[in-house]
1. Whether any residue in the range 205-228 is closer than 19 Å to Ile144 by Cα and acidic (Asp, Glu) is what I want to check.
2. Please determine, by comparing only the residues of the range 111-141 that are part of a loop (DSSP other than H, G, I, E, B) and in contact with a strand residue (DSSP E or B) (Cβ under 7 Å, 6 or more places away or on another chain), which one is surrounded by the fewest Cβ atoms within 10 Å (Cβ to Cβ).
3. Among the numbered conditions (1) closer than 14 Å to Gly139 by Cα; (2) out of contact with any helix residue (DSSP H, G or I) (no Cβ under 7 Å at 6 or more places or on another chain), tell me where Leu170 comes up short.
4. From the residues in the range 116-147 that are modelled with pLDDT under 85 and not hydrophobic (A, V, I, L, M, F, W, C), which one is nearest to His164 (Cα to Cα)?
5. It is to be established whether one or more residues within the range 199-222 are closer than 17 Å to Leu181 by Cβ and of a type in the set (Lys, Arg).
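The values are calculated or read from the model by the stated rules, or taken from the named source; none is laboratory data. Quantities reported herein were computed from a predicted structural model and do not represent experimental measurements. As a convention, Cβ positions derive from the backbone with ideal geometry for all residues, glycine included, and neighbour counts pool all protein chains shown.
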Amino acid sequence: MASLGAVGLASGASLSTASSVGPYATPTRGPPALADVPPIPLTPSTYSPDPAAALGPAKDAPLPGPPPAPPAAPLPDPTTQQTDETVPGTVPGPILTPVPAPGPVPLPPPPVAVPPPPVVRGACSTTLAGTQAHVARAGNSIRIATGFTGPVQGRSARTGVSDHPSGLALDFIVGLGNTALGDRIAAYALAHQAELGVTYVIWRQRFNDGSGFVPMADRGSATANHLDHVHISLSATPPPVAPTC
């Protein structure tokens, strides 16, 4: 065993002095010599002059957050042409043309006025209150033209000079107070005097043979003064052209 200790010392191992207790004493290792410890290389990744940094982050230190987002790029103006210079780093998009505002909606054309169908007029009836045929035709034409639907008196016995007994006169009974209707009948008869064969008209105590109304003397009653009816006398000779209805 003494030879083993000698070999160990000869090989460079640092051993302490062998125990003097017995021949089987075990040598103890002492501290190595400084010349035997290899140097520790120092690199920037392992060396830090700050002791706290070398120990790492503190247990209660907050964790670092995400990096701030980059600023958003401005949106392109849709009314302008978009090119590479509008938004750097983007692909050119379609050309956007401004759309003009809609104008007023044109109104439809007015409807075309359709003229009424022509009135087909035929021969007038030759029957009216017992009068002569041409007088009846004239009376029926006046009724249709003026819209008169009241009673008509024709042939009748009268005292004094009158065209009623011979069937050459007509009385359109309009009643008291219906002056507008009586005016319309008298005006139509005078306006178509030659066509109808009218000789004269008496209305509201006035006489008119085509030259204008002339006042008449008071006969004593509304009927005698022709305030409630229009009297129309006609010629005994029929007109050359019969009136139509």
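1. Initially, the range 205-228 is screened for residues closer than 19 Å to Ile144 by Cα, giving none.
There is no residue in the range 205-228 that is closer than 19 Å to Ile144 by Cα and acidic (Asp, Glu).
2. Step one: of the range 111-141, the residues part of a loop (DSSP other than H, G, I, E, B) are 111-122, 124-132.
After this cut, where a residue has to be in contact with a strand residue (DSSP E or B) (Cβ under 7 Å, 6 or more places away or on another chain) as well, the list is 121-122, 124, 128-129, 131.
Working: Arg121: 12, Gly122: 7, Cys124: 22, Leu128: 23, Ala129: 18, Thr131: 25.
So, considering only residues that are part of a loop (DSSP other than H, G, I, E, B) and in contact with a strand residue (DSSP E or B) (Cβ under 7 Å, 6 or more places away or on another chain), the one surrounded by the fewest Cβ atoms within 10 Å (Cβ to Cβ) is Gly122.
3. So Leu170 meets the others, but not (2).
4. So the first thing to find is which residues in the range 116-147 are modelled with pLDDT under 85, and the list is 116-121.
After this cut, where a residue has to be not hydrophobic (A, V, I, L, M, F, W, C) as well, the list is 116-118, 121.
Details: Pro116: 40, Pro117: 39, Pro118: 36, Arg121: 28 Å.
By that ranking, first place goes to Arg121.
5. The answer is yes, given that some residue of the range 199-222 is closer than 17 Å to Leu181 by Cβ and of a type in the set (Lys, Arg).
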